[in-house]
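Chemist: Dropping a structure here in structure tokens format, bear with me for questions.
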Amino acid sequence: MNPRLIGGEMLLWSDLDGAHGPGPVRGDALAPLLDAVTGRTLVAGPHDPELLPGDATLLLRGLVDAERLADRFPVLCGGPGKLAAGPPWDTVVALDGLDRLGSAEDPQLPWNEAFEQLLAALRPGGTLLLGMENFLGLHRLVALPGAPSDSDWTPVAAYDETRPAGLAAVRARLHAAGLTISRTYVAFPSPVTPAVLLEADLLADRDRRGYVEAVLSGAGAPVDDVLTDPRRLAIDAVRHGMAADLAPGWIFVAHKSPAPAPSDAQPGDTRPADTRPGDNAAGDAPSGRTLEDLLLCAAIERDLPALRTLLAAWQSSPEAGVPAGQLLVTPDRRHLPLAPAGTPEAALHAFAVAVLSGGFAHPWPAPAGPADLTRTLAAMAGAELDPAAIPAQPPRPSLRDLLADRDRLTRELAQARARHDFYERTIADRDLALRQARQINALLSTTKPARALLATARWTVRRIRH
Amino acid sequence: MHHANHYYGHSHVLARYCGLPGADPPRIRGYLQHGWNIGDGLAADHEFVDGTPVLLWSERTRRRAWSLGRRETYVVGAPWAYLLEMQPDPGAEREGTIWYPFHGWEGQHVLGDHGRLIDQITATEPGPVTVCLYWQEFRDQAVRRRYLEAGFRVICHGYRGGQWQDLDPQFLDRQLAEQRRHRRVASNRLCSAIFYGALAGCEPAVYGDPMTLENESMTYGGQARIRRQWPELHGEQVELAAARATVTAELGADRLLPAAELRRVLGWQAVAR
């Protein structure tokens, strides 16, 4: 019988439709991980069914989801409590973590107990793919207060003392459970919809900082309103060696003892990050810094000659349309694009937006906005842009942008008023000078010699015209 | 914006560099530093409208201006440096010294002993001396005669202009032609002319009684501070490499803008299109 009801099933519930919570864990970044799972596999919790291997068995708490997927997968419907009764699995996948396994019909299990239940369903030597949301992740640091969803009936997770908090604590907990972690991935920009997965070790590699920054800043603009753009924070976190600790989520590939021999192929060996466009050889992230990083450093140092050299080299190269944040400058000064090229105007504009919305003390005096700065940047590279080719500024400012805009507009209004007063005074001075000149003119035209002179002048002008 | 932007034909030189007709330069969107300056780059008597860009010669002046509260600043370099970019040194033979006695500006008077200064110049300079006077002093027959009687050639580069009247687009061209005739440039105070001459290939020297300017402002430390801060440019003979490095930096000659950028910064792009 499929779906098989194992107790605790929720009759009027769907995690997959996204109407009662954040929807299933999803995103192409997860595909390589899931493609590589082997053996009898249990997928526990809400995952995008399109990503799942066809022979996996699903554990879903909502009957609506279970019935919808029953013609494609074997489905167990209910809570995790009864799992241990069946034969253990070769692989257990729980990329959503443990927080959405339990049913509203059952008491909310502490994380520790849910973890033990899941682990009990894994055979010795089996593989666990476990996702964890980081409650101190950048996605939460920049989030505005939100309303609880239908699935938050006991929203205890962040205060659950048994739930390991922080990357080191999670790793220690997995070790303590007899698991050997073969790989740790960090997930950005959200644990439920990761756009990129990177190996945690890569984030600590100083030589690969540019690559990591490019990947993280390419993870897409925030979908919801935020306090500040998390991509800029992510780049700062990389710089400070904190990116793994502040990642929105982690995914662990862990093996229950006895651990497999290192030569055995394991899920996770195909690195998700390697699926990004523009990547080079598998797993071999290039070294270098992003052009955006180099440009910002030169701008903040006020090294205008260096800035001009960088801009001119970029804009005269075939990569002129690749955004600076997605263009690596290798140690031997080569350009290595990590994203497809758009127009040069759009690439310069993206950098102008990054400069102005990043809150940098940049060197340009009173730019009227990103479009204005875009033209100046092009001019620094020796080119003049057609203003019509500059794209419009993307909407969705962060709260920080709104406050900065308010302060800037207040300042600009005061400056515009000061200029207005100056122009008024200048016009008054010029009016006075004009009146005096006219008076002198009138005075001269009443005297005989002056009249004769004027008559000659008029006659000359007429002759020239005809 | 400000009439001082047209002093010495500065805006005319920049217009030529930008590919615009040099005879009638458009308004500059900002205040252009018009002389070497130990303060924030603006003349003390300038009316300043908040939010208007301040276009400075050097990175050092920009840092100082920032510390004094100026924010909308940009280093463009001195118009003199652009003139030299446009007119490379033809390498003609040079002789003697062009000497700039310290002058006051309009409405100021210099107190000091011209006779003693003349003796010192005669004793120091190895070749023929050309004395270049500010237009006020050039018109003062007594001052002029004293230098002539000392056997010096006496010249004046011209009137810098003011309030958009009597502008002199060729001022700097004449100054450059004169300086390139001379092997040395000297003054009793470190001033724009010394920087200009040194960038134009003269050996700079600053010596002699710096004299006193009536009601001279000591806000930025005056002569004592100048000697402390720029010792490499003071003395009858200076170490040339160090002097040249300072001069290049103070005139921003190491960071001139491409014409397209300068047109943007000056607000001339619409005019050029």
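Chemist: Would a scan of the stretch A:235-246 turn up a residue that is surrounded by fewer than 21 Cβ atoms within 10 Å (Cβ to Cβ), at positive phi, part of a loop (DSSP other than H, G, I, E, B) and outside the structural domain of A:Val355 (by TED's automatic domain parsing)?
Modeler: So far as the stretch A:235-246 goes, yes, one or more of its residues are surrounded by fewer than 21 Cβ atoms within 10 Å (Cβ to Cβ), at positive phi, part of a loop (DSSP other than H, G, I, E, B) and outside the structural domain of A:Val355 (by TED's automatic domain parsing).
Chemist: Here is a follow-up. Checking B:His182 against (1) modelled with pLDDT of 95 or more; (2) surrounded by fewer than 16 Cβ atoms within 10 Å (Cβ to Cβ); (3) not in a helix (DSSP H, G or I), which single condition isn't satisfied?
Modeler: (2)
Chemist: Which condition number does B:Leu213 fail, the rest of (1) more than 14 Å from chain A (Cβ to nearest Cβ); (2) touching an Asp or Glu at 6+ places or on another chain (Cβ under 7 Å) being met?
Modeler: Failing condition for B:Leu213: (2).
Chemist: Can you find, within the stretch B:37-81, the residue that is farthest from the other protein chains (Cβ to nearest Cβ) among those that are closer than 18 Å to A:Ile300 by Cβ and of a type in the set (Ser, Thr, Tyr)?
Modeler: Across the stretch B:37-81, the extreme among qualifying residues is B:Ser67.
Chemist: Still on this structure, please answer the following. Out of the residues in the stretch A:109-127 that are in contact with a Phe, Trp or Tyr (Cβ under 8 Å, 6 or more places away or on another chain) and of a type outside the set (Gly, Ala, Ser), state the one that is surrounded by the most Cβ atoms within 10 Å (Cβ to Cβ).
Modeler: A:Leu122
Chemist: Provide a single number: the residues in the stretch B:1-40 that are in contact with a Lys or Arg (Cβ under 6 Å, 6 or more places away or on another chain) and in contact (Cβ under 8 Å) with a residue 60 or more places away in the chain.
Modeler: Final tally of qualifying residues: 4.
Chemist: For the stretch B:5-36, which positions are among the basic types (Lys, Arg) and more than 14 Å from chain A (Cβ to nearest Cβ)?
Modeler: Hit for the stretch B:5-36 is B:Arg16, nothing else.
Chemist: A further question on this structure: For the condition charged (D, E, K, R), away from every other protein chain (no Cβ under 14 Å) and closer than 19 Å to B:Arg16 by Cα, what is the one hit in B:Arg263, B:Arg255, B:Arg174, B:Arg228?
Modeler: B:Arg174
Chemist: For the stretch A:387-411, enumerate the residues that are touching a residue at least 24 places away in the same chain (Cβ under 8 Å) and either within 26 Å of B:Gly51 (Cβ to Cβ) or in a loop (DSSP other than H, G, I, E, B) (or both).
Modeler: Answer for the stretch A:387-411, where residues must be touching a residue at least 24 places away in the same chain (Cβ under 8 Å) and either within 26 Å of B:Gly51 (Cβ to Cβ) or in a loop (DSSP other than H, G, I, E, B) (or both): A:Ile390, A:Pro391, A:Gln393, A:Pro394, A:Arg396, A:Pro397, A:Ser398, A:Leu399, A:Arg400, A:Asp401, A:Ala404.
Chemist: On the given criteria, is A:Thr290 away from every other protein chain (no Cβ under 14 Å), surrounded by 23 or more Cβ atoms within 10 Å (Cβ to Cβ) and of a type in the set (Val, Ile, Thr)?
Modeler: yes
Chemist: Continuing with the same structure: Residues that are touching a residue at least 24 places away in the same chain (Cβ under 8 Å) and among the small types (Gly, Ala, Ser): which strands (runs of 3 or more DSSP E) entirely in the stretch A:46-118 hold 1 or more of them?
Modeler: A:75-78, A:89-94
Chemist: Just to be sure, is A:Ala306 away from chain B (no Cβ under 13 Å) and touching a Leu at 6+ places or on another chain (Cβ under 9 Å)?
Modeler: Against the criterion (away from chain B (no Cβ under 13 Å) and touching a Leu at 6+ places or on another chain (Cβ under 9 Å)), A:Ala306 does not qualify.
Here's the yes/no breakdown for (1) within 14 Å of chain B (Cβ to nearest Cβ); (2) surrounded by fewer than 17 Cβ atoms within 10 Å (Cβ to Cβ); (3) within 21 Å of the chain's Cα centre (by Cα):
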| site | (1), (2), (3) |
| --- | --- |
| A:Leu356 | no, no, yes |
| A:Gly359 | no, yes, yes |
| A:His362 | yes, yes, no |
| A:Leu377 | yes, no, no |
| A:Ala388 | yes, yes, no |
| A:Gln393 | no, yes, yes |
| A:Ser398 | no, no, yes |
| A:Leu402 | no, yes, yes |
| A:Asp407 | yes, yes, no |
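Chemist: Can you name every residue in the stretch A:159-207 that is charged (D, E, K, R) and surrounded by fewer than 22 Cβ atoms within 10 Å (Cβ to Cβ)?
Modeler: A:Asp160, A:Glu161, A:Arg171, A:Arg173, A:Arg183, A:Glu199, A:Asp201, A:Asp205, A:Arg206, A:Asp207
Chemist: I've got another one for you. Of everything in the stretch A:170-204, what is without any contact (Cβ under 8 Å) to a residue 60 or more places away in the chain and over 15 Å from A:Gly97 (Cα atoms)? Give them in sequence order.
Modeler: Matches in the stretch A:170-204: A:Ala172, A:His175, A:Ala176, A:Pro189, A:Ala200, A:Asp201, A:Leu203, A:Ala204.
The values are calculated or read from the model by the stated rules, or taken from the named source; none is laboratory data. Please read these numbers as outputs of a predicted model, since none were measured by experiment. Every residue, glycine among them, receives a Cβ derived from its backbone with ideal geometry; neighbour counts consider all protein chains shown.
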